[in-house]
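S.K.: Pasting a structure below so you can have a look.
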Amino acid sequence: MTQLLLLFDVVLLTTLLALAVAAVTSPEPRRAVMLFIAFGLWLSMVWARLRAPDVALAEAAIGAGLGGALMLAAARRAAKREAGDSTESAGDSGAGGPPA
Amino acid sequence: MNILLDLLSVLLILAGAFFFIAGTVGLLRLPDLFTRLHALTKADNLGLGLIMLGCVRFAPDGLYIAKMLLLWLLIMASGATASHLIAKRALRGDGEDY
Amino acid sequence: MHEILIAVAIILLISMSVGLIRIVIGPTPADRMMAAQLLGTSGIGVLALLAPALGVPALMDVALIFALLAAVSVAAFTRRRVGQDRP
């Protein structure tokens, strides 16, 4: 039982570290956001393994879910602005806002 | 009787793990986005259902079983919707990706 | 009995780790989103196995949040403004 749990922890932590390094060193914003969502899921599983379901709940809902969705929208907006800086960016911010 | 139930739940859980591994292999090995989508969604939902069926043996009370059943139904509905959305978005690809 | 549950959880965890390769190398963002969905589903499986093995039934609530998270992130990923729907 203890050895199996130790093996579980080793797999969990190795992958968590690899995910963190991959997310930080990713050059492309949307890939970094995907890796961040995966990192949040993984960290939430670490909290679940530590028998802290409340912290795991908060991490999954806020850290990965809300933050991930917001960062996805932000990365898309940044990519769009970078791609069509002078031609397309007027359609970016809805009806009222002036183009940046 | 008890050992039979244990054996049955272990078999169900192992079958679920097999379907999960099949889904992962499909995600990695298949050549196209749509074939990957097809392999992933179905295999995963079936694997999760088998694992939950195996975990019914360890449930503390009936409410827990109801929660697991609802969770599986939610996963099936949201998985089907999500794969549909991803496929439609990839089919209409409007140059936003590249 | 609980040893078998943890062993299967380790197998699922390794399968999730292998699926992460698709997030890293995936050619399109849709591939990455798909891999994130696989991550959510397998995570629910791991939590469902871990809940009886560790003796914490509340982990099933965390699994519920994982299910919601997969749906929300896919919806945020494929979101379109009104009027941009037609190709």
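The values are calculated or read from the model by the stated rules, or taken from the named source; none is laboratory data. No experiment lies behind these values; they were computed from the predicted model shown. Here Cβ is always computed from backbone atoms with ideal geometry, including for glycine, and neighbour counts include all displayed protein chains.
S.K.: Return the total of residues in the stretch B:50-60 being more than 9 Å from chain C (Cβ to nearest Cβ) and surrounded by fewer than 20 Cβ atoms within 10 Å (Cβ to Cβ).
M.R.: 2
S.K.: Conditions first: (1) in a helix (DSSP H, G or I); (2) more than 23 Å from residue C:57 (Cβ to Cβ). Residue B:51 passes all but one, so which condition is the exception?
M.R.: All conditions are met except number (2).
S.K.: Output the residues belonging to the stretch B:72-93 that are of a type in the set (Lys, Arg) and within 7 Å of chain C (Cβ to nearest Cβ).
M.R.: Once the filter is applied, which keeps residues that are of a type in the set (Lys, Arg) and within 7 Å of chain C (Cβ to nearest Cβ), the stretch B:72-93 yields B:89, B:92.
S.K.: Being surrounded by fewer than 20 Cβ atoms within 10 Å (Cβ to Cβ) and more than 16 Å from the chain's Cα centre (by Cα) is the filter here, so list the residues in the stretch B:61-89 that pass it.
M.R.: Those that are surrounded by fewer than 20 Cβ atoms within 10 Å (Cβ to Cβ) and more than 16 Å from the chain's Cα centre (by Cα): B:61, B:62, B:63, B:64, B:65, B:66, B:67, B:85, B:87, B:88.
S.K.: Looking only at the stretch A:37-51, which residues are more than 17 Å from residue C:21 (Cβ to Cβ) and facing chain C (nearest Cβ under 10 Å)?
M.R.: Once the filter is applied, which keeps residues that are more than 17 Å from residue C:21 (Cβ to Cβ) and facing chain C (nearest Cβ under 10 Å), the stretch A:37-51 yields A:40, A:44, A:45, A:47, A:48, A:49, A:50, A:51.
S.K.: Would you be able to say whether some residue in the stretch C:5-21 is within 18 Å of residue B:80 (Cα to Cα), part of a helix (DSSP H, G or I) and within 7 Å of another protein chain (Cβ to nearest Cβ)?
M.R.: no
S.K.: Answer with yes or no whether residue C:50 is at the interface with another protein chain (Cβ under 7 Å from one of its Cβ atoms), in a helix (DSSP H, G or I), over 14 Å from the mean Cα position of the chain (by Cα) and touching a residue at least 12 places away in the same chain (Cβ under 8 Å).
M.R.: yes
S.K.: Going by the conditions given, is residue B:12 in contact with a helix residue (DSSP H, G or I) (Cβ under 7 Å, 6 or more places away or on another chain), part of a helix (DSSP H, G or I), facing chain C (nearest Cβ under 7 Å) and free of Cβ contacts under 8 Å to residues at least 60 places away in the same chain?
M.R.: So residue B:12 does not fit the description; no.
S.K.: Go through (1) modelled with pLDDT of 90 or more; (2) within 18 Å of residue C:39 (Cβ to Cβ) for residue B:12 and report which single condition fails.
M.R.: Looking at each condition in turn, residue B:12 falls short on (2).
S.K.: Moving to a separate point now. Taking the stretch B:16-38, which residues are within 13 Å of the chain's Cα centre (by Cα), surrounded by fewer than 19 Cβ atoms within 10 Å (Cβ to Cβ) and within 22 Å of residue B:90 (Cα to Cα)?
M.R.: B:38
S.K.: Looking at (1) over 14 Å from the mean Cα position of the chain (by Cα); (2) more than 7 Å from chain C (Cβ to nearest Cβ); (3) free of Cβ contacts under 8 Å to residues at least 12 places away in the same chain; (4) within 25 Å of residue C:49 (Cα to Cα), find the lone condition where residue A:27 falls short.
M.R.: Condition not satisfied by residue A:27: (4).
S.K.: Condition check: crowded, with 23+ Cβ neighbours inside 10 Å and either at pLDDT below 90 or charged (D, E, K, R) (or both). Does residue C:34 satisfy that?
M.R.: So residue C:34 fits the description; yes.
S.K.: Right, residue B:76: part of a helix (DSSP H, G or I) and either acidic (Asp, Glu) or over 22 Å from residue C:13 (Cβ atoms) (or both) or not?
M.R.: Criteria met by residue B:76.
S.K.: Shifting gears a bit: Across the stretch C:53-64, which residue is surrounded by the fewest Cβ atoms within 10 Å (Cβ to Cβ) among those that are at the interface with another protein chain (Cβ under 7 Å from one of its Cβ atoms) and part of a helix (DSSP H, G or I)?
M.R.: Among residues in the stretch C:53-64 that are at the interface with another protein chain (Cβ under 7 Å from one of its Cβ atoms) and part of a helix (DSSP H, G or I), the one surrounded by the fewest Cβ atoms within 10 Å (Cβ to Cβ) is C:61.
S.K.: I need the full set of residues from the stretch A:3-24 which are free of Cβ contacts under 8 Å to residues at least 12 places away in the same chain and within 19 Å of residue C:39 (Cα to Cα), in order please.
M.R.: Answer for the stretch A:3-24, where residues must be free of Cβ contacts under 8 Å to residues at least 12 places away in the same chain and within 19 Å of residue C:39 (Cα to Cα): A:10, A:11, A:14, A:17, A:18, A:21.
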